[in-house]
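S.K.: Okay, handing you the structure first.
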Amino acid sequence: MLELQNVSYQVNDKSDKSNDKEILKNINLNINEHLVVITGPNGGGKSTLAKIIAGIIKPISGKIILDGEDITNMSITERANKGISFAFQQPVRFKGLTVIDMIRLSAGKDMTISEACDYLSEVGLCAKNYINREINASLSGGEMKRIEIAMVLARGTKFSIFDEPEAGIDLWSFQNLIQVFEKMYKTIKGSILIISHQERILNIADRIIVLADGQVTSEGSREEVMPNLIKSDIACPTLLDKII
């Protein structure tokens, strides 16, 4: 279980303190469900919260507790070793490294090609076409998203974070991405936290958290939150709207 206790974060303007901006304001959350989605308006603090959990940035106050252990001051690497994975909005490309290199690095062991191919198959990729591909610009956004999920699966962590996985991919890739998450939901043993606006992703959540202006404005089961979310100003844009 992940617990956030009075977590706050602000961006400081070194030249003018009056321009300091508070991004998160005393966030208190307990996350122990299988699949949780954080949604809300742009600029509400969603991605900042995800990065704080992963250890990419540090809160100015508050605590982060993972399975009873205080990880607030732990580095990204230390948190990764404790079982936290983070998938960026735009997956990082590594010139000179192949897909199998990245899956082996994620798993932390020298697995066979057959074992690595199993993870690619899990995310709907034809393993023989990708296993030796270089992680570079020749891969599409949708392909990179699925390879990154395969890497998360290979790590087998207890808490996996995906920051707007639909960003930068086309409608066809998004539909396949939903299928991957549905399959991941059935196979992963830990918790999955997704930052997203997309209604189709919200519809597979066990719990939805709405974050606006740096504060939790609503949280509950999908059945409790979705009706009010759709009616409110926090509309769930479709991927087609973003493409157009």
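Only the coordinates and a few stated rules stand behind these numbers; no lab work does. The shown structure was predicted, so the numbers you read here are calculated from the model rather than taken from an experiment. Heads up, the Cβs are rebuilt from the backbone with ideal geometry, glycines too, and the neighbour counts pull from every protein chain shown.
S.K.: With the requirement that a residue be within 15 Å of residue 36 (Cα to Cα) and surrounded by fewer than 15 Cβ atoms within 10 Å (Cβ to Cβ), what does region 166-189 give you?
M.R.: Once the filter is applied, which keeps residues that are within 15 Å of residue 36 (Cα to Cα) and surrounded by fewer than 15 Cβ atoms within 10 Å (Cβ to Cβ), region 166-189 yields 182, 185, 186, 189.
S.K.: Related question: List the pairs whose first member sits in region 23-47 and is without any contact (Cβ under 8 Å) to a residue 24 or more places away in the chain, whose second member is surrounded by 15 or more Cβ atoms within 10 Å (Cβ to Cβ) and in a loop (DSSP other than H, G, I, E, B), and whose Cβ atoms are under 9 Å apart, counting only residues at least 6 apart or on separate chains?
M.R.: Matching pairs, first to second residue: 42/197.
S.K.: Criterion first (farther than 29 Å from residue 136 by Cα, in contact with a Pro (Cβ under 6 Å, 6 or more places away or on another chain) and among the hydrophobic types (A, V, I, L, M, F, W, C)) does residue 36 satisfy it? Break it down into steps so the answer makes sense when it comes.
M.R.: Values: farther than 29 Å from residue 136 by Cα: yes; in contact with a Pro (Cβ under 6 Å, 6 or more places away or on another chain): no; among the hydrophobic types (A, V, I, L, M, F, W, C): yes.
In short, no.
S.K.: Separate question: Starting from region 185-205, take each residue that is without any contact (Cβ under 8 Å) to a residue 24 or more places away in the chain and list its partners that are charged (D, E, K, R) and crowded, with 17+ Cβ neighbours inside 10 Å, counting only C-beta distances under 8 angstrom and pairs at least six apart or across chains.
M.R.: Short answer, once both residue conditions are applied: 203/222.
Per-residue answers, yes or no, for (1) over 26 Å from residue 77 (Cα atoms); (2) touching a Lys or Arg at 6+ places or on another chain (Cβ under 6 Å):
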| residue | (1), (2) |
| --- | --- |
| 107 | no, no |
| 114 | yes, no |
| 120 | no, no |
| 151 | no, no |
| 163 | no, no |
| 175 | yes, no |
| 205 | yes, yes |
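S.K.: Determine which member of the set 100, 149 is in contact with a Pro (Cβ under 9 Å, 6 or more places away or on another chain) and of a type outside the set (Ser, Thr, Tyr).
M.R.: Being in contact with a Pro (Cβ under 9 Å, 6 or more places away or on another chain) and of a type outside the set (Ser, Thr, Tyr) holds for just one of 100, 149, which is 149.
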